[in-house]
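Worksheet: one structure, shown below.
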Amino acid sequence: MNTIVPLLQVEETDHAEASIYERIRDDIIQGRLAANERLKVAELAERMGTSTNPVREALQQLRGEGFVVMMPNRGARVRPIDETFVRDIFEIEVLIEPALTRWFVGLATKADLERLEELQGQMEALNFADPHAHSKLDMTFHQVMYDRHYNRHAVDLWWRHREILSAISRNFQTSLSRQTSVLNEHRELLRCIAAQDADGAARIIAQHVEGSGRHIIEHLRLIKNRRDSGRRS
């Protein structure tokens with residue numbers, strides 16, 4: 001199980017410094033390892049300049065996250081990063097994040113609310129000019145809400161899903177309409193937290209997660225349509 005990254009220490013990992021798991025995962029997301037391609041441990045170890053054990057461990061972790069499919073006598077293969085893959089993750093997150101949010105609203109202090117408002121102010125001032133910086137601020141915003149939750153399994157699953165979706169969405173530009181929605185949803189969430197409206201906050205978070213999911217799926221559909229058109233031409 002992954003360890004939850006401490007608050008305010010979320011950093012993108014440089015490819016050269018990334019773990020074997022991260023490098024294989026990014027190769028799958030970026031298409032350098034193609035959908036349904038067989039993953040041979042010895043070849044991956046040679047490519048990554050490591051022994052076979054870290055590769056085996058990475059493939060098991062990737063299998064647990066759905067990136068890799070393992071079949072008896074057929075080895076490991078790359079699972080397509082497609083609409084179904086993203087939909088499955090978001091359907092889980094729509095269940096997890098509202099539950100985490102309800103708990104937070106009952107616990108939130110004035111200092112918590114001030115910290116969230118500070119982060120929201122930084123995101124609004126940035127206004128998506130730097131997608132990497134926005135992603136870090138947004139991650140910290142949600143960590144303030146979830147990081148103290150007693151159910152570490154739920155928080156860990158949220159964290160792993162967030163990492164996966166962030167890695168996928170790095171390839172896409174956020175549309176203007178989605179940018180507006182993100183900031184508006186955060187503002188409404190802050191209003192609900194200040195009013196101790198747990199149900200309202202949970203509803204906004206569910207809407208927030210669904211919107212992010214639709215945005216990624218729309219980009220994946222565009223990519224698929226372009227590929228299909230290229231094959232026909």
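Taken together, the values in this text are just the output of simple stated rules run on the coordinates, not laboratory data. All values reported here derive from a predicted model rather than from experimental measurement. Note that each Cβ is placed from the backbone with ideal geometry, even for glycine, and that neighbours are counted across all protein chains shown.
General remarks:
- Proximal charge balance of GLY31 [Cβ under 11 Å; K/R count +1, D/E count -1]: -1
- On full extension, the segment bounded by SER51 and SER177 gains 40.7 nm, given 0.36 nm per residue less the C-alpha separation.
- Both numbers refer to the Cα atoms of segment 154-233; Rg and Dmax are 16.1, 57 Å.
- Note on segment 15-78: percent of Cα-Cα distances in each 5 Å bin, starting at 0 and stopping at the bin with the largest distance, equals 4, 19, 32, 30, 12, 2, 1.
- Note on segment 83-232: dipole from Cβ charges, positive end direction compared against ILE89, GLY121, ALA154; the farthest Cα belongs to ILE89.
- Estimated FRET transfer efficiency (GLU118, ASP26; beta-carbon r; R0 30 Å; 0.05): 0.40
- Computed magnitude of the charge dipole of segment 15-78 (debye, nearest 20; Cβ of K, R +1, Cβ of D, E -1): 300 debye
- Selection from SER181, ILE168, ALA198 lying farthest towards where the dipole of segment 157-206 points positive, charges on Cβ: ILE168
- Under a 5 Å amide H cut-off, with hydrogens placed 1.01 Å from N, VAL68 pairs with ARG63, ARG79 among residues at least 5 apart or on other chains.
- Segment 136-179: chymotrypsin sites (Phe, Trp or Tyr not before Pro) in DSSP loop, at most 12 other beta carbons within 10 Å: TYR150
- Note on the chain: GNM, Cα springs under 10 Å; of SER177, SER19, SER135, the largest mean-square fluctuation is that of SER177.
- Around the Cα centre of segment 83-232, unit charges on the Cβ atoms of Lys, Arg, Asp and Glu (plus for the first two, minus for the last two) sum to a dipole of about 680 debye.
- Helical contribution to [θ] at 222 nm, DSSP H n ≥ 4, -39,500 (n - 2.57), averaged over the chain, rounded to 500: -23500 deg cm²/dmol
- Segment 168-233 and segment 33-82 have their alpha-carbon centroids 30 Å apart.
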